[in-house]
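Everything on this sheet refers to the single structure shown next.
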Amino acid sequence: MLVEINGGAGQVQHHPTPMARFGKNDFGENLWRIVYTDSVRRMIGGKWPDGHDEYRWKKVYVGPEAKGRWVLERWRSAFELTQCTPEMYNAQFKAPGSELLINGPYPYRGDYEEVWVFTGSPDEVNIARIIDWSNHQQGMGFAERHRLRKEAAEYQEKSESAQNIDKMIDIQPNPCGSMMIKKRRQIKLSPAQKFGNRLPSDLGFGQTAAV
């Protein structure tokens, strides 16, 4: 029996950025979405510390690096998410000591998974560029993805250093006696974070719950 905890899945809070232009999934829904991390929940089944053996809706993004932020998610089909048929899924994802499924029933309609956690407002970021980057990574091997992530991290470090220098320049008076104002464009390149510490046991695919 499905137990609705705290109103069940609840209403996912979407950012106002139009996302239909990036494509639709098999069910006519947006392929990409930007949602508020605190509003995203996943169904988890199993035996809980309070002794109940049931399904519950739990927040996905509760790690300190993601809590209270906006996140870019991409829809994946059921097979892309699970890499198995319904029969294989029902056998593989049973919760320890329970007949329930750790990730809830087989996701026939697919589901969304994290791609990028924004460190600020999504309005300050080139969304199309992040989506292109993600699509490009899909066809890459591990070595190439690792190289690109390393380059992105180095670029971010250089960008932060440059912004610190800009701030120092901004507070210096110009020869005319007024303050120098230099318009800066904030660059967001932090890769999406992944989190561990899972409840009630291994959460399986698509879960990023953490303390």
For this session: Once you have the Cα-Cα distance between His14 and Gln83, take 0.36 nm times their residue separation minus that, and quote the gain in nm to one decimal.
Result: 22.1 nm
Exercise. What full-extension length gain, to one decimal in nm, is calculated for Arg21 and Glu99 as 0.36 nm per residue of separation minus the Cα-Cα distance?
Worked result: 23.9 nm
Problem set entry | Order by protection proxy (mean Cβ within 10 Å, highest first), peptides 59-66, 95-102 | 59-66, 95-102
Seminar exercise, completed: A chain fully extended from Asp38 to Arg129 at 0.36 nm per residue, minus the present Cα-Cα distance, gains in nm 30.3 nm
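Any read-out appearing in this document is the output of simple, stated calculations on the displayed coordinates, not a laboratory observation. Keep in mind it's a predicted model, so treat the numbers as computed, not measured. All Cβ positions, even for glycine, are placed from backbone atoms using ideal geometry, and neighbour counts span all protein chains on display.
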